[in-house]
Amino acid sequence: MSGALLPAAVAGHFFLPPGAVYLKSHSVGCQPRSAEALLRDRMLTPWRETGEAWPHWLEAIDAWRAALAELIGVEASDLCPATNVSAALSRYLSALGTATTRRTILLAPSAFPTIGYVASGLAAAGWTTRYLPAAADVRDPAQWASALDDDVALVVAMHVSSNSGALTDIAAVAAAAHAAGARCIADCAQSVGLVPVTPALWGVDAVIGTSVKWLCGGPGAAWLWVAPHDRTALDPMERGWWSHDNPFEMDIESFRYAPDARRWWGGTPDVAPFILSTAGIEAVTAIGVERVRAHNRALQTILRAALEPRTPQWRWPKGDIGGTLCIDTGADQPRVAAALTANAISADFRGTTVRLSFHAYNGADDAEAAVRALV
């Protein structure tokens, strides 16, 4: 697997925390060195020199849409910026009430909690949230199919689960949803930038994602992709002046939805987060997602080969996983947490499960340092 490792020089394109081994890209990706200059050139300088800099700022957001579209193989016109994943999902759900008479949203209990919060918040509007059984394997399309009936309007599936690292076959889940007459939206917050995200090939109806994790883009730059077949079929109830076909028409009694994904945009847009996100997307694209993924797997293999045989009391992940090793350390959790802290290894826990993530800027020495700390 050593041939899959990226050159050490790749790390030089990112700022890394000094004196620490950073293994928390599942939470926040490290800042690209290009981010500061890009923010200055595309936001601060035009603002300083022109005052009202909206033409420049909108060009910057268009550049973000184009960069993300290239990364995930979609049309830029089908991408809409969002402040966060919750907002992206909420805007999407706001359109389904008039698009279907079905009123059930199906998801897994292992979904990131914000997904459940958004879905259950629709109870007052007559929506029901249904969960797969706690023991269900989210990677098994049959588990999803068995939970579908003629009242399920939408399946929300995580491409990579944040608590277990499980990597789901989104295309198979989408096919099961469509066979039952439901739509499917994929949550790619824990995969985009590390695992190939291919909405057009999956056949999903929508995708939500964020830049803060593997895309190394910082907070505030999430997104919603809506499939071309729903480009104008869905009309979000949550809207603002930037959802308008012509935001500058300024006729309060006349609203026309934008003909592309801008219809999901809402009010006055953020700018800085999407410029920072562009820097992250460009950095990951320059390396190549497939190369980042191979590098990640190679480092996972180094750690597992050295540590798994010596920790039979831990529950190691099985089956397909994404970029994060989620290892249930059980009763050893306090010792493991103390060892990580003592050795300046930045990781985190979900209960007794430690989460360790290797990105392009990590190397074999980081994996070996984690092994030494945890044996």
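One line per residue, one yes/no per condition, for (1) aromatic (Phe, Trp, Tyr); (2) open to solvent by less than 10 Å² (accessible area, probe 1.4 Å); (3) more than 27 Å from Leu299 (Cα to Cα):
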{"residue": "Ala153", "(1), (2), (3)": "no, yes, yes"}
{"residue": "His178", "(1), (2), (3)": "no, no, yes"}
{"residue": "Gly193", "(1), (2), (3)": "no, yes, no"}
{"residue": "Ala206", "(1), (2), (3)": "no, yes, yes"}
Residues of segment 61-78 being farther than 14 Å from Thr278 by Cα and either open to solvent by 20 Å² or more (accessible area, probe 1.4 Å) or aliphatic (A, V, I, L, M) (or both), which ones?
-> Gly73, Val74, Glu75, Ser77
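Quick one: in segment 317-326, of everything that is over 16 Å from Ser25 (Cα atoms) and touching a residue at least 24 places away in the same chain (Cβ under 8 Å), which residue is least open to solvent (accessible area, probe 1.4 Å)?
For segment 317-326, the residue satisfying everything is Pro317.
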Report yes if Ala174 is open to solvent by less than 30 Å² (accessible area, probe 1.4 Å) and either touching a Phe, Trp or Tyr at 6+ places or on another chain (Cβ under 7 Å) or of a type in the set (Lys, Arg) (or both), otherwise no.
-> yes
Residue tally, condition under 22 Å from Gly266 (Cα atoms) and either in a loop (DSSP other than H, G, I, E, B) or in contact (Cβ under 8 Å) with a residue 60 or more places away in the chain (or both), over segment 101-130 = 3
Restricting attention to segment 237-259, which residues are touching a Lys or Arg at 6+ places or on another chain (Cβ under 7 Å), at pLDDT 95 or above and not polar (S, T, N, Q)?
-> Trp242, His244, Asp245, Tyr257
Restricting segment 283-316 to residues that are open to solvent by less than 40 Å² (accessible area, probe 1.4 Å) and more than 30 Å from Pro32 (Cα to Cα), the residue that is nearest to the chain's Cα centre (by Cα) = Trp316
Evaluate the following for Val354: is it among the aliphatic types (A, V, I, L, M), in contact with a helix residue (DSSP H, G or I) (Cβ under 7 Å, 6 or more places away or on another chain), under 29 Å from His13 (Cβ atoms) and free of Cβ contacts under 8 Å to residues at least 60 places away in the same chain?
-> yes
Could you please find all residues in segment 267-282 being within 30 Å of Phe255 (Cα to Cα) and either surrounded by fewer than 22 Cβ atoms within 10 Å (Cβ to Cβ) or touching a Phe, Trp or Tyr at 6+ places or on another chain (Cβ under 8 Å) (or both)?
-> Gly267, Thr268, Pro269, Asp270, Val271, Ala272, Phe274, Ile275
Test: residue in segment 216-226 that is open to solvent by less than 10 Å² (accessible area, probe 1.4 Å), farther than 30 Å from His13 by Cα and at pLDDT 95 or above | yes
Within segment 20-60, considering residues that are open to solvent by 80 Å² or more (accessible area, probe 1.4 Å) and not in a helix (DSSP H, G or I), the one farthest from Ala305 (Cα to Cα) | Glu52
Selected residue [surrounded by fewer than 20 Cβ atoms within 10 Å (Cβ to Cβ) and either in a helix (DSSP H, G or I) or without any contact (Cβ under 8 Å) to a residue 40 or more places away in the chain (or both)] from Asp235, Asp251 = Asp251
Pairs only if they're at least six apart or on different chains, beta carbon under 7 angstrom, first in segment 361-373 and closer than 17 Å to Ser25 by Cβ, second of a type in the set (S, T, N, Q) and modelled with pLDDT of 95 or more; list them, first residue then second.
-> Ala369/Asn343
Tally time: how many residues in segment 79-107 are open to solvent by less than 20 Å² (accessible area, probe 1.4 Å), closer than 16 Å to Val152 by Cα and of a type outside the set (S, T, N, Q)?
-> 7
Residue count, segment 332-361, condition open to solvent by 40 Å² or more (accessible area, probe 1.4 Å), of a type in the set (A, V, I, L, M) and within 21 Å of the chain's Cα centre (by Cα), comes to 0
So which residues in segment 217-241 are out of contact with any Ser or Thr (no Cβ under 8 Å at 6 or more places or on another chain) and of a type in the set (A, V, I, L, M, F, W, C), if there are any at all?
-> Leu224, Trp225, Val226, Ala227, Ala233, Leu234
Quick one: what pairs do we get from segment 73-85, first residue farther than 15 Å from Ala189 by Cβ, second open to solvent by less than 40 Å² (accessible area, probe 1.4 Å) and of a type in the set (Asp, Glu), C-beta under 7 Å, 6+ apart or different chains?
-> Ser77/Asp260; Asp78/Asp260
Please work out which residue is nearest to Ile321 (Cα to Cα), limiting yourself to segment 144-172 and to residues that are of a type outside the set (Ser, Thr, Tyr) and in contact with a Cys (Cβ under 6 Å, 6 or more places away or on another chain).
-> Gly165
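The values are calculated or read from the model by the stated rules, or taken from the named source; none is laboratory data. Here the structure is a predicted model, which means the values were calculated and not measured. Please note: Cβ atoms are built from the backbone with ideal geometry, for glycine as well, and neighbour counts cover all protein chains shown. Only protein heavy atoms, including side chains, enter the accessible area calculation; ligands, DNA and RNA are left aside. Shrake-Rupley method; radii C 1.70, N 1.55, O 1.52, S 1.80 Å.
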